[in-house]
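Here's the structure, in structure tokens; my notes come after.
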Amino acid sequence: MKININGKISNVKAVWYEEPVIKMIDQKILPETFKIVDINDTKELFDAIRNMTVRGAPSIGAAAAFGVAQAAALGADIEEAGKFIKSARPTANDLFFAVDFVLQHKGDAKKYAAMYVDSIVERSRLIGLNGNELIGNNKKILTHCNAGALASVDYGTALSPIRMAKESGKKPFVWVDETRPRLQGARLTAWELVQEGIEHKVIADNAAGFLMERQQVDLAIVGADRITKNGDFANKIGTYEKAVLAKENAVNFYVAAPLSTFDFTIENGRGIPIEIRSEEEVKEVKGVAISPKESMAYNPAFDVTPNRFVTGYITEYGVFKSSELHTLKDKGKESIIEQIEDM
Ligand code: MRU
């Protein structure tokens, strides 16, 4: 992704590996501070995933893939390391997919981790090309959370088509849901769009319905943390209500994700484990209390949107309806692992 730090333009990925150190942009402290963090061992990686220094399903997967390679380089038991890394967060399929992929090639973990992460970047780019076909000139696009380059090593999932639209000369405009409680929209998506010079406005989470009803949203594109066999999908809390509002207001609602986010072992959204995070994330904003200390809070980090609200799934293989997802699974290859190896 292109970034501008104090007038200096550079190209940076959300996470990369310089053996034996995993490097990542600290996503907790953007946009105020741009900082690269060094991850020196499996425990530090576990903490970085859990405390969301690195976040977003494909970026979590990338960090985890490098984590297995790092454990191998440090002479650790990589099966144990993989198990521990997988326990950092429960919802994003990419975390499990990535660890399993590298463990299946443990003889050359470094090479396969690099191959995995390169394929995520390429898949994100292809999602952009495919999704760009759905975006006309001067369209207003709603997005939720951050499904940008920060969340997907580079390009993004939901933001990749918008980046491509801009690159191909269209003038996309983005409504950015602030995305309580961790504010990934207000902090991270807005930051990425500023870096790319894409026109946007941040909105309070509860403004989207008003804008849709006033015909100020042409389409919605969101990312996903896990998509099940029937197309139900988990994404950042608040996605479900946006999808319902989109249907009510005849706004096309797209989900953008690479194959690593699909979990064909689960029939429908009821089977997706949903992470429950700390009460403090709801009761505080940047460490400042906003609720009485006596009040309790409840903080589900994701919700599940049923497939009937999804117009299409934007993938690296094209755009699919929920009824067509089985063709994505079968893509003419025996396993998705082989598809990665072929990329
Ligand atoms: O809790 P987060 O910030 O990791 O949640 C991220 C999301 O919900 C993203 O929308 C999703 O991972 C897609 S990222 C390309």
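The values are calculated or read from the model by the stated rules, or taken from the named source; none is laboratory data. Remember, predicted model here, so these are calculated numbers, not experimental data. Cβ atoms come from the backbone with ideal geometry, glycine included; neighbour counts cover every protein chain shown.
Of the residues making up segment 1-55, those that are at pLDDT below 95, surrounded by 17 or more Cβ atoms within 10 Å (Cβ to Cβ) and more than 16 Å from the ligand (Cβ to nearest atom) number 1. Among the conditions (1) buried (at least 24 other Cβ atoms within 10 Å of the Cβ); (2) under 21 Å from S10 (Cβ atoms), K166 misses just one, which is (1).
Just one of the listed residues (A147, A98) is surrounded by 24 or more Cβ atoms within 10 Å (Cβ to Cβ), within 12 Å of P258 (Cβ to Cβ) and in the same structural domain as A257 (by TED's automatic domain parsing), and it is A147.
Looking at V194, V244, V202, V251, just one residue is buried (at least 19 other Cβ atoms within 10 Å of the Cβ) and of a type in the set (A, V, I, L, M, F, W, C), and that residue is V251.
For segment 213-229, the set of residues classified as away from the ligand (no atom under 16 Å from the Cβ) and either among the acidic types (D, E) or assigned by TED's automatic domain parsing to the domain that holds P58 (or both) consists of E213, D218, listed by residue number. A count restricted to segment 72-107 and to residues that are among the hydroxyl-bearing types (S, T, Y) and more than 13 Å from the ligand (Cβ to nearest atom) stands at 1.
Could you tell me whether segment 280-288 includes any residue that is buried (at least 16 other Cβ atoms within 10 Å of the Cβ), among the basic types (K, R) and farther than 13 Å from A234 by Cα? Yes, segment 280-288 has at least one match.
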